[in-house]
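The values are calculated or read from the model by the stated rules, or taken from the named source; none is laboratory data. Predicted model only: the values in this text are computed from it and were never measured. Cβ sites come from the backbone with ideal geometry, for glycine too, and all protein chains shown count toward neighbours.
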Amino acid sequence: MICLSADIHHSSLRTGNQAHSDLPEVQTAVLFARLLARYQVQATYFISGKTFAEEWEQLAPICDEPLIEIGGHTWDCFEPQLWHRFWNKATGSYNGPAWYQKRDVEKTVAIIEAKTGKRIRSWRNHMYMHGPHTEKVLASCGIQICSDGVKRRAVAPEQHASGILNFPLNIIPDHEHLYHAERTPEWVAQWVKRYDWSDDFGSESYDIETWTEMVLAQLKANEARGIVSNLILHPITMYLCDGFRSAERILQYIATRSQVQMGSLAELHSAPESWVA
């Protein structure tokens with residue numbers, strides 16, 4: 001079974017991807033949603049609260065798509081950065097203290113419900129930033145499952161003492177492992193050296209064709225083992241790499257397999273035998 005997700009950020013965040021794109025990030029998400037509809041693939045879109053506040057007219061068609069579940073992705077994606085760096089240094093929580101993190105989650109949950117009429121149950125923090133208060137805060141706000149972090153050997157959601165489920169990505173992520181936008185080989189080499197960066201799939205980045213073959217191989221390997229694959233495809237990243245050509249290859253494969261949205265994994269947690277495709 002494959003759980004596909006995407007992260008969507010407000011344009012005012014001014015990310016590197018956004019600076020290199022001739023389309024607003026939300027518009028790339030709309031185009032990706034059309035591909036999901038073409039191939040009948042389910043997905044969970046984790047969207048920042050500010051996107052609903054600032055770009056609702058462009059975002060609305062996504063929220064009407066039955067194949068797409070909406071999840072939260074923080075209110076403002078940890079802006080301003082200096083504020084969050086301070087909290088990380090002072091308390092070990094980049095997300096901020098519990099009261100601040102709860103206000104962020106409540107604000108995001110509220111605007112999504114006000115705009116869509118739906119109460120979200122899934123969450124991913126921006127940059128997968130999982131703090132010491134995350135589970136308790138999310139559980140108190142009615143979130144059932146959180147998909148932060150990267151753990152290639154993750155086989156299923158794990159239940160925290162708070163009751164919430166954690167399910168990190170177990171397929172190599174796109175943004176951090178692809179050459180695209182400002183992420184040239186030289187830029188990546190400097191970044192890795194400066195921050196000693198690595199995740200559970202290492203520190204290497206790849207061209208889009210090589211990375212796509214890796215993704216497909218990992219999806220097939222997980223299926224052979226009876227493991228739920230947790231895969232992320234950022235629409236703007238896929239657009240910048242090759243205009244969605246590789247994303248279509250992946251969607252064509254996913255369309256032939258069993259699929260599940262992130263929120264539904266909470267319902268399936270008590271029946272893991274039903275996850276096997």
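Side notes on the structure shown:
- Residue identified as among the hydrophobic types (A, V, I, L, M, F, W, C) and free of Cβ contacts under 8 Å to residues at least 12 places away in the same chain among A247, A181, A221, A266: A221
Results for (1) assigned to a helix (DSSP H, G or I); (2) free of Cβ contacts under 8 Å to residues at least 60 places away in the same chain; (3) within 14 Å of the chain's Cα centre (by Cα), shown as yes or no for each residue.
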site	(1), (2), (3)
S5	no, no, yes
Q18	yes, no, no
T28	yes, no, no
R34	yes, yes, no
A37	yes, yes, no
V41	no, no, no
K50	yes, yes, no
A53	yes, yes, no
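- If you check F46, F52 for being at pLDDT 95 or above and over 22 Å from H130 (Cα atoms), only one passes: F52.
- Residue ID - surrounded by the fewest Cβ atoms within 10 Å (Cβ to Cβ), chosen from residues in the stretch 202-245 that are small (G, A, S) and more than 26 Å from N125 (Cβ to Cβ): A224
- For the residues I111, I143, I164, I172, the requirement of being within 30 Å of C63 (Cα to Cα), under 15 Å from the mean Cα position of the chain (by Cα) and either of a type outside the set (K, R) or surrounded by fewer than 17 Cβ atoms within 10 Å (Cβ to Cβ) (or both) singles out I172.
- Residues in the stretch 167-202 that are part of a loop (DSSP other than H, G, I, E, B), farther than 21 Å from V155 by Cα and either in contact with a His (Cβ under 9 Å, 6 or more places away or on another chain) or among the aliphatic types (A, V, I, L, M) (or both): A181, E182.
- Selection of first residues in the stretch 185-198 that are touching a residue at least 60 places away in the same chain (Cβ under 8 Å) and of second residues that are surrounded by 10 or more Cβ atoms within 10 Å (Cβ to Cβ), restricted to Cβ pairs under 7 Å at least 6 apart or on distinct chains, gives an empty result.
- Looking across the stretch 27-70, just one residue is of a type in the set (S, T, Y) and surrounded by fewer than 19 Cβ atoms within 10 Å (Cβ to Cβ), and that is Y39.
- Residue within the stretch 247-259 that is under 27 Å from I143 (Cα atoms), surrounded by 16 or more Cβ atoms within 10 Å (Cβ to Cβ) and at pLDDT 95 or above present: yes
- In the stretch 71-90, residue farthest from the chain's Cα centre (by Cα) [restricted to those that are surrounded by 14 or more Cβ atoms within 10 Å (Cβ to Cβ) and assigned to a helix (DSSP H, G or I)]: W87
- Scanning the stretch 114-135 for residues that are free of Cβ contacts under 8 Å to residues at least 40 places away in the same chain and crowded, with 17+ Cβ neighbours inside 10 Å yields H130, G131, T134, E135.
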